[in-house]
Structure formats: structure tokens, C-alpha cells
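The structure appears right after this line, and notes come after that.
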Amino acid sequence: MCKVCIVMGSESDRKIADRATAILDALGIEYETHVASAHRNPERVIQIVDTTPAKVFIAIAGLSAHLPGFIASRTQRPVVGVPVAAKLGGLDSLLSIVQMPKGVPVATVGIDRGDNGALLAARILAVEEPGISAKLSEWSP
């Protein structure tokens, strides 16, 4: 069963998503990936959030980076935001993701750190899944 849903704002974010999927593959965690923009096709993002069985989201976005907050506004499940260095060295994306309003929490990892996004998602899952916790204990970068 899918445990992590990775949503990237555009296909240009694929290399960051690949860093996340490499970690999830190494840990044996099932995931699904989607390309959907909160600005260009919000209905698609809503459909993904409303239908995925995933327990954790990883939202990868650059520029205004609206995607992680948009997802967090639609679910009670944890959202990990991964800012992308599209412009301004990624500072614009980082600040957009970090500055969520009250009631819309998004955990944020470093710029372009899809790998850390996956590790954080795995740690969240490990709280209730001892098998993932054991794999994390054995895993090394």
C-alpha cells in the first residue's frame, strides 16, 4: 500500500523527486508520484489529496512554492515541503514554504533536499511502523 505521496509542482522538479524516491526505494517504502501545480491545475491537486491512501505527503515546489501549503490546507496528514532552487537560490521557495499561516503546518527541509524530505517522511511513518524504524536504524547515506 502506498505510504508516501510525492507531488511536484512541475516536471522540472523531477530531479529533486528522484532524490526522494531513491531513499524511499532503499527503505522499501511504497510511494506514488504526481506532477500537479497548485496554480495551474488546483483541481488535480485536490483530487490527488482526496484520493491517495498515503499517510504522508512530500510536496516539491519552486518559485512561489504554493503547493505544500495548498496540500496542507486540504488534509490533516503530515506535509513535508521541499523548496526548489528555481530562482533567487531557492530562498523565495524556502520562505514561501516556511511562512505558513496558523493552522496550516508544513514541515520544511533544505533547498533541493528531496532526500531529507524522504527521510523525514520515513521517520514520521516509523512512529507507528517498527519495520521502518528498524530500516532507518540500519540505513546510512
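Structure summary
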{"quantity": "Matching residues in the stretch 39-81 - criterion: being buried (at least 17 other Cβ atoms within 10 Å of the Cβ), among the β-branched types (Val, Ile, Thr), in contact with a helix residue (DSSP H, G or I) (Cβ under 9 Å, 6 or more places away or on another chain) and outside any helix (DSSP H, G or I)", "calculated": "Val56, Ile58, Ile60, Val79, Val80"}
{"quantity": "Tally of residues being touching a Gly at 6+ places or on another chain (Cβ under 6 Å) and either at pLDDT below 95 or over 13 Å from Gly81 (Cβ atoms) (or both) across the stretch 51-60", "calculated": "0"}
{"quantity": "Which numbered condition Ile132 misses (of (1) out of contact with any Pro (no Cβ under 6 Å at 6 or more places or on another chain); (2) of a type in the set (A, V, I, L, M); (3) more than 17 Å from Cys2 (Cβ to Cβ))", "calculated": "(3)"}
{"quantity": "Scan of the stretch 1-38 for residues that are in a helix (DSSP H, G or I) and surrounded by fewer than 17 Cβ atoms within 10 Å (Cβ to Cβ), ordered by number", "calculated": "Glu11, Ser12, Arg14, Lys15, Asp18, Ala22, Asp25, Ala26"}
{"quantity": "Given (1) part of a helix (DSSP H, G or I); (2) among the aliphatic types (A, V, I, L, M); (3) touching a helix residue (DSSP H, G or I) at 6+ places or on another chain (Cβ under 7 Å); (4) within 18 Å of Lys55 (Cα to Cα), index of the condition Val104 fails", "calculated": "(1)"}
{"quantity": "Matching entry among Glu32, Glu43 (being farther than 20 Å from Asp112 by Cβ and under 15 Å from the mean Cα position of the chain (by Cα))", "calculated": "Glu32"}
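The values are calculated or read from the model by the stated rules, or taken from the named source; none is laboratory data. The structure presented is a predicted model; accordingly, all values stated were derived computationally and were not measured. With ideal geometry, Cβ positions are generated from the backbone for all residues, glycine too; neighbour counts draw on all protein chains shown.
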